[in-house]
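Below: one structure, written as structure tokens.
The values are calculated or read from the model by the stated rules, or taken from the named source; none is laboratory data. Since we're looking at a predicted model, the values are computed, not measured. We place every Cβ from the backbone using ideal geometry, glycine too, and count neighbours over all the protein chains shown.
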Amino acid sequence: MDFEQIYKSYFRDVFLYLCSLSANEDIAEEMAQETFAKALKSIDTFDGAKDIRAWLFTIAKNTYYTFCKKQKIYANGEISENVADVQIDLAERFADEENAFRIHQFLHDMNEPYKEVFSLRVFGELPFERIGRIFGKSPGWARVTFYRAKKQILEYMEAMEDEKN
């Protein structure tokens, strides 16, 4: 597959993933362009062991984090709340800017693959089948990993609420 075909096939997925990280379409567009520029420069290092989408998402994530460090952006309070299978309780917590910041901090420190699966599902709005394919796993694995990530976040938020009281 030539690079132009890779770009056409995966740009939208990378853009949506970056929208989920940044909550800003302009930044996501800029970071997606930069992601593909970096991918083009290092396409010869892609060995095909992983799904190319996972490789692009890794480049996108690192590109975005580098951008955030340069801009001194550490979290964004605007969160998408439209994913149906996230518990209402979690969505309500995202609505509160302070809680959203805490959740982003927790997500930042969360272990992989939980962090990535949760971000792809909630922010990237990808189905479990695609998430599973990205990791070379089954949709069931993606569901279980997402559930465990969501459970970790809810437990963290409950602990934070207990500290307040």
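A few remarks follow.
- Cβ-Cβ distances below 9 Å connect no pair with a first residue in the range 4-29 that is in the same structural domain as P127 (by TED's automatic domain parsing), a second residue that is surrounded by 16 or more Cβ atoms within 10 Å (Cβ to Cβ) and among the hydroxyl-bearing types (S, T, Y), and a separation of six or more residues or different chains.
- Which listed residue is modelled with pLDDT of 80 or more, in contact with a Ser or Thr (Cβ under 9 Å, 6 or more places away or on another chain) and aromatic (F, W, Y), from F67, F106: F67
- If only residues of the range 149-165 that are among the aliphatic types (A, V, I, L, M) and touching a helix residue (DSSP H, G or I) at 6+ places or on another chain (Cβ under 8 Å) are counted, the one that is farthest from N111 (Cα to Cα) is M160.
- The residues of the range 30-59 that are under 18 Å from F135 (Cα atoms), assigned to a helix (DSSP H, G or I) and free of Cβ contacts under 8 Å to residues at least 12 places away in the same chain amount to a single one, T58.
- Test result for K41, modelled with pLDDT of 65 or more, exposed (fewer than 12 other Cβ atoms within 10 Å of the Cβ) and on the phi < 0 side of the Ramachandran plot: yes
- Identity of the residue in the range 8-26, at pLDDT 85 or above and over 18 Å from P127 (Cβ atoms), that ends up surrounded by the most Cβ atoms within 10 Å (Cβ to Cβ): L18
- Among the conditions (1) over 26 Å from H104 (Cα atoms); (2) surrounded by 17 or more Cβ atoms within 10 Å (Cβ to Cβ), the only one that L56 does not satisfy is (1).
- Out of F118, F128, F123, F106, sole residue that is farther than 23 Å from Y64 by Cβ and within 15 Å of the chain's Cα centre (by Cα): F128
- V122 being within 14 Å of K61 (Cβ to Cβ) and either of a type in the set (G, A, S) or buried (at least 18 other Cβ atoms within 10 Å of the Cβ) (or both): no
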